[in-house]
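The values are calculated or read from the model by the stated rules, or taken from the named source; none is laboratory data. Treat the numbers as computed from the prediction; the structure is a model and nothing was measured. FYI the Cβ positions are ideal-geometry reconstructions off the backbone, even for glycines, and counts take in every protein chain you see. To get the accessible areas, we keep the full protein, side chains included, count just its heavy atoms, and leave off ligands, DNA and RNA. Shrake-Rupley method; radii C 1.70, N 1.55, O 1.52, S 1.80 Å.
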Amino acid sequence: MFQYVIRRSLLIVPTLWAVVTVVFFLIRIVPGGPAVAALGTYASEEQIRALEHQMGLDRPIMVQYVTFLADLCRGNMGKSLITQRPVVKEIAQALPYTIDLTVAGMVLGILMGVPIGIFTALRRNEMPDYFGRVGSLIGISMPEFYLGILLMYVFAVKLDLFPVIGGGDLRDWGSRLYHLVLPAFTLGIIMTAFISRMTRSSMLNVIVEDYVRTARAKGVTERMVIYKHALRNALIPTTTVIGLYAGILMGGSVLTEIVYSRPGLGKMMVFAVKDRDYMTLQMVIVIFSAAVFLLNLLTDLLYSLIDPRIEYR
Amino acid sequence: MKLRYVTVFAMVFLLVGVMLSASADAREQVVRVALKASDIRSIDPDYGTTTIDYACIDPMFNALVRFKPGDIDPEKIQPDLAEGWNVSPDGLVWTFYLRKGVKFHKGYGELTAEDVKFSLEKAANKDTSGFAKDFDALGKVEVIDKYTVRLTFKEKVPSVLGLLTDYHGGFIVSKKAVEEMGLEKFKTNPIGTGPFMVHEYVPKQKLVEVRHDGYFRGRPLLDRVEFWFMPDASSREMAFRKGEIDICEGEREQAWVDKMGKVPGTVIDIFGPGETLTLHFNTSKKPLDDIRVRKALAYAISREELMDFLGKDVTEPLVSPIPTSYLGGTTEVPLYTYDAEKAKTFLKQAGLEKGFTLKEVITEMSDYRRPMEQIQEQLRRIGVKVQMDVIAHSAYHGQIRKDVNPIVLYVCARFPTADPILRQFYHSKSIVLTPTAITNFSHYDKIDNLIEQASRETQTEKQKALWAKAQRSILEDAVAYPLCITKFVFARKDYVDLGYEMKSTLTLVDTIKWNTRILEE
Amino acid sequence: MAQAIRKGLILYTFRRNKTSIVGAVMAALIVSLAILAPWISPYNPIEQKVKLQYFPPSLAHLCGTDGYGRDEFSRILWGARVSLVVGIASVLFSMVFGIPLGVIAGYKGGRADSVVSRFNDVFMSFPIVIFGLLILAIMGPGLFKIILAIGVALTPRIARLTRGSTLSLKEMPYIEAARAVGQSDTKIIILHVLPNIFGDILVMGTLWIATAIIVEASLSFIGLGVRPPTPSWGSMIRAGLDQLTNAPWLSMFPGLAIFLTVFSFNLIADGLRDIADPKLRG
């Protein structure tokens, strides 16, 4: 098992390399270079060309690529083409906001989704199940940004309960949490919908398993049956959820950050795309991919811990 | 007896409590400004070229002279760092006498003629300034003594004071600071003499400036100014409504003015000089090389409808490339008042009565995109289909300079005389894609002589006549179609007292001055 | 024979299943509204009328008017065309490329499987919206480019799911039998594998159409959608966001439209899934 983990972890390097390369070359095909973006609207042609030279954008593309990889290995992620600040610093500043949001969203999704999933599975085809299923169906049919706008309108504008913009001051936990509530719930509600459906369907599969019937026959109480046996097996697909829905979580966080103007990685990425800030964009995309990859790895590990039947070659 | 003591004690307690809570309720002397930008480009005053740069730069620096706060009338330019000046009879040698005891931020010492010489030379050097071109006529700067500096020009300049005012290259920086930190660091940590100084910069979020106690006009009334970067109109609006922001840059549309005006405790500042909205017809792209097609487009566009669309409160008429508020602007030009029939006739003459398609890029920024979508609609009515790709603002400016668009919508404000606009947009040297390119999108080259003659002309009346001729020529040849002027729109909480009357400013924002303050309740 | 029975069974159960019927009816309604838009739309969706800016919903304008005086209801009808075309076309595109890849990887196994799976891993580590963002930023706006962007992003996901279905099918007795008899791989794939994963594909397809519609809306919300003045639900919501306090109907109605459309496709998918293959999970 240990070997498997090592092997899987090593795979992250070539995967990330591929991602980085794909992004690197794709971006540079774009017309409208970043020098103009950096210098602003009243800059002259001369100034733009001077800056392009300074940024090394007039060298042949393979040279740029090799230099870039070399720098990357040394831990130098380059400078943002717009602000001239090290990309590492900018990412470090934005990262906490995104981590807060995605962790909160996933946690809320699991905390609300799993119980709902179990509950609706147990009360299959009765009223609560009906409501649960319709509710989760609504949740997965709702675009994140629309839900965000709705929540923002009701709670921040009309009821004035929460702040509208920004992420709050990182150092002040109160402000940090206060600015997190609405975005986290926006993301959390959508995750809840997906997770409850998944949990429900895996619970249903488990309940009809023989061993549950056997346990019942042995005289173990219904409660015990559920909590000990069924739940444990239902947790398997639930943990796969973390990996499976990592993509949705990341994509959803980008949109949520835009709606609420949270200064996280998602917002940074969209602006980097618009400003043609290649260096920043590359790194942010790589981080997103790495996050998805790691979440998938985590899922597999949890999977193996929970179900001892699973073997790894 | 005991009761009386208790009552007195309780009343004192209550009184103290009320007093304490009243002072706790007293507003902080902090102004939070929300600007429509994603980040500053540079707060080195020789590189600050966008609205948000101006907003942050202005409170931190002074120049030899300054515009009267809130008024861009060049006649009202006042002394700033210079107390007075002498001009030689030939107008080429200017001697300035500096104020004494002006302190730089953060302990960088007193302002001397050395700093002025350094700053002006820096502004005139294209390696250290984006405005070097403005100073082409500056010959040399000499330090006469600690508080006297002499400028010698190579040739006559339309407005020397205009060059040295608190706009573009005129700001004075600390020589010591630049030499110590180097230019790179200076770009985000500049040192000037203004009422406020840089305190904290969080990229893409905010720039915080704090009070400079040693300001020569007096201790500033505000403790702190925060500039928040909020490109999203809805975020700005929400933040302002909730009181998280005290001053916010607005959208130049009637609906915005109307709805923000309804928010209790709000003052809407609509001020000039505004920016000119002009359509430039790229004569190097078919079918716009045919003057009949250009005239057709001109007749097809209705300025009235556009101004109605954008909002009566936020627009002013503009019929010539130079607004009448600028020195040299005239309205005696061909008007091309809306006439659909004439437009169709011209198209027919050019053999294009079936219409044609124009491929355009436009920026997502609403100040450009909204008018352009209206123009797109107006042109659709005469059969001209405009296919528009919406791209990022910076990409837009890059691409139009690469001669990509057949029609270029440009929004700008310049120093209020005719020369900058004529030179930058209609002189052949400024044609895009050439080595000396600025922003001549139409590739116009027929008024070079007029422009140069006018800039050398010393008599104002003759100068204006030449400029008028240039404007008429532009419109007769239909290389550009001036649409309207859009004014600047800001919303401000009524407890923010700017300290001056806001009529117009080249800083393009509700500028923070040393005597801006928050009014107590 | 087996596939005929299976298909019949699917349709039969479909008709009995309430969720799928409701979903199908809703979707059919929306699709027909979209198709008929040019004839039933009360106003020209791109015609601007300066005097009618920001009118609230009324009998004359069922969903109000926007900042250019255009009728919102007409724009929503026309916007349906964009969303549905992008949704369906991008999924079809991804199926054309993804299904063969998935089947080959699942059936053949070995090298082919490794290559396809690695390829999938790299591309699937991009969330769909982020991938679409990248592609559109490079290629610029336009209907075909959006379809391409989303289609390419979906291909590995379709491939992975198809591979899964194929794998579970591989051990089936009739496949073994066909191989024993000497049928070539290609024939087996075409005659036995494809028809039997048909049910899975149907469910997959419907689900991904729902997703694709949300992705298109998200991308045009960010500002990378079809060119103006073509109406698109996502960009309409974005424009409406700036007017949330004075004209909330501009965000609410298009959002509702997206929601109802996606909801109906999800209903169909749910119904189908209950019938088709209980092993298939989201």
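For the stretch B:280-304: of the residues being aliphatic (A, V, I, L, M) and over 22 Å from B:Ala468 (Cβ atoms), which is surrounded by the most Cβ atoms within 10 Å (Cβ to Cβ)?
Taking the stretch B:280-304 as the starting set, the residues that turn out to be aliphatic (A, V, I, L, M) are B:288, B:291, B:293, B:296-298, B:300-301.
From what is left, the residues that are over 22 Å from B:Ala468 (Cβ atoms) are B:288, B:293, B:296-297, B:300-301.
Details: B:Leu288: 21, B:Val293: 22, B:Ala296: 29, B:Leu297: 26, B:Ala300: 25, B:Ile301: 21.
The residue in question is B:Ala296.
Let's see how each residue does on (1) open to solvent by less than 10 Å² (accessible area, probe 1.4 Å); (2) at pLDDT below 90; (3) in a loop (DSSP other than H, G, I, E, B):
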position	(1), (2), (3)
C:Ile209	no, no, no
C:Ala212	yes, no, no
C:Thr230	no, yes, yes
C:Gly234	yes, no, no
C:Ile237	yes, no, no
C:Asn246	no, yes, yes
C:Pro254	yes, no, no
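Being away from chain A (no Cβ under 14 Å) and in a loop (DSSP other than H, G, I, E, B) is true for just one of B:Lys385, B:Lys354. Which residue is that? Explain how you work it out, then say what you get.
Numbers: B:Lys385 fails: in a loop (DSSP other than H, G, I, E, B).
Exactly one residue qualifies, and that residue is B:Lys354.
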> Here are C:Gly140, C:Gly132, C:Gly110, C:Gly151: which of them is over 22 Å from A:Ile287 (Cα atoms) and within 11 Å of chain A (Cβ to nearest Cβ)?
Replying inline: C:Gly140
> Restricting the search to the stretch C:149-191, which residues are open to solvent by 20 Å² or more (accessible area, probe 1.4 Å) and of a type in the set (S, T, N, Q)?
Replying inline: C:Ser168, C:Gln183, C:Ser184, C:Thr186
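Within the stretch B:420-438, track down each residue that is within 17 Å of B:Ala478 (Cα to Cα) and of a type outside the set (Gly, Ala, Ser).
Scanning the stretch B:420-438 gives B:Ile421, B:Leu422, B:Phe425, B:Tyr426, B:His427, B:Ile431.
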>> Given (1) of a type outside the set (A, V, I, L, M, F, W, C); (2) in a helix (DSSP H, G or I); (3) at pLDDT below 90, identify the lone condition not met by B:Tyr299.
In response: (3)
>> Of everything in the stretch C:37-55, what is assigned to a loop (DSSP other than H, G, I, E, B), open to solvent by 60 Å² or more (accessible area, probe 1.4 Å) and within 13 Å of chain B (Cβ to nearest Cβ)? Give them in sequence order.
In response: C:Asn44, C:Glu47, C:Lys49, C:Phe55
>> Looking at the stretch B:120-145 only, could you name the residues that are more than 28 Å from the chain's Cα centre (by Cα), more than 24 Å from B:Glu457 (Cα to Cα) and either within 14 Å of chain A (Cβ to nearest Cβ) or without any contact (Cβ under 8 Å) to a residue 40 or more places away in the chain (or both)?
In response: B:Glu142, B:Val143, B:Asp145
>> Exactly one of these conditions fails for A:Met152: (1) of a type outside the set (Gly, Ala, Ser); (2) open to solvent by 50 Å² or more (accessible area, probe 1.4 Å); (3) at pLDDT below 85; (4) assigned to a helix (DSSP H, G or I). Give me its number.
In response: (2)
>> Which numbered condition in (1) open to solvent by 60 Å² or more (accessible area, probe 1.4 Å); (2) in contact with a Cys (Cβ under 8 Å, 6 or more places away or on another chain) is the only one that B:Pro158 fails?
In response: (2)
> Do you know which of the residues in the stretch B:260-279 that are within 14 Å of chain C (Cβ to nearest Cβ) and more than 25 Å from the chain's Cα centre (by Cα) is most open to solvent (accessible area, probe 1.4 Å)?
Replying inline: B:Lys262
>> Suppose we filter B:Glu180, B:Glu209, B:Glu237 for residues that are among the acidic types (Asp, Glu), part of a helix (DSSP H, G or I) and open to solvent by less than 10 Å² (accessible area, probe 1.4 Å); which single one remains?
In response: B:Glu237
>> With the structure loaded, tell me whether B:Gly218 is away from chain C (no Cβ under 14 Å), farther than 16 Å from B:Lys122 by Cα and assigned to a loop (DSSP other than H, G, I, E, B) or whether it fails that test.
In response: yes
> Assuming B:Asp115 fulfils every condition listed in (1) more than 24 Å from B:Glu184 (Cβ to Cβ); (2) surrounded by 14 or more Cβ atoms within 10 Å (Cβ to Cβ); (3) touching a helix residue (DSSP H, G or I) at 6+ places or on another chain (Cβ under 7 Å) apart from one, which condition is it?
Replying inline: (1)
> Somewhere in the stretch B:66-88, is a residue of a type in the set (Lys, Arg) and surrounded by fewer than 20 Cβ atoms within 10 Å (Cβ to Cβ)?
Replying inline: yes
> What number of residues in the stretch A:60-113 are within 30 Å of A:Val181 (Cα to Cα), among the hydroxyl-bearing types (Ser, Thr, Tyr) and in contact with a Ser or Thr (Cβ under 9 Å, 6 or more places away or on another chain)?
Replying inline: 2
> For the subset of the stretch B:340-366 comprising residues that are open to solvent by 80 Å² or more (accessible area, probe 1.4 Å) and in contact (Cβ under 8 Å) with a residue 40 or more places away in the chain, which member is nearest to B:Val408 (Cα to Cα)?
Replying inline: B:Lys359
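Could you list, in sequence order, the residues of the stretch C:228-242 that are more than 19 Å from C:Ala34 (Cα to Cα) and facing another protein chain (nearest Cβ under 7 Å)? Steps first, please.
Step one: list which residues in the stretch C:228-242 are more than 19 Å from C:Ala34 (Cα to Cα), which gives C:238-242.
Answer for the stretch C:228-242, where residues must be more than 19 Å from C:Ala34 (Cα to Cα) and facing another protein chain (nearest Cβ under 7 Å): C:Leu241, C:Asp242.
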>> Which residue is modelled with the highest pLDDT, if the candidates are limited to the stretch C:256-271 and must be open to solvent by less than 10 Å² (accessible area, probe 1.4 Å) and more than 9 Å from chain A (Cβ to nearest Cβ)?
In response: C:Ala269
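Take the residues in the stretch B:190-204 that are open to solvent by 40 Å² or more (accessible area, probe 1.4 Å) and touching a residue at least 12 places away in the same chain (Cβ under 8 Å), then tell me which one is farthest from the other protein chains (Cβ to nearest Cβ). It would help to see each step written out before you state the result.
Taking the stretch B:190-204 first, the residues open to solvent by 40 Å² or more (accessible area, probe 1.4 Å) are B:199-201, B:204.
Still in the list and also touching a residue at least 12 places away in the same chain (Cβ under 8 Å): B:199, B:201, B:204.
Working: B:His199: 15, B:Tyr201: 10, B:Lys204: 6 Å.
Among them, the one singled out is B:His199.
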> Restricting the search to the stretch B:360-382, which residues are of a type in the set (Asp, Glu) and either more than 23 Å from B:Ala255 (Cβ to Cβ) or facing chain C (nearest Cβ under 8 Å) (or both)?
Replying inline: B:Glu360, B:Glu364, B:Glu373, B:Glu377
>> B:Tyr444 - would you say it is modelled with pLDDT under 90 and either part of a loop (DSSP other than H, G, I, E, B) or facing chain A (nearest Cβ under 10 Å) (or both)?
In response: no
> For the stretch B:305-334, which residues satisfy the criterion of being assigned to a loop (DSSP other than H, G, I, E, B), within 21 Å of the chain's Cα centre (by Cα) and surrounded by fewer than 20 Cβ atoms within 10 Å (Cβ to Cβ)?
Replying inline: B:Thr324, B:Ser325
> Which of (1) touching a residue at least 40 places away in the same chain (Cβ under 8 Å); (2) open to solvent by 10 Å² or more (accessible area, probe 1.4 Å) does B:Phe227 not meet, given it meets every other one?
Replying inline: (2)
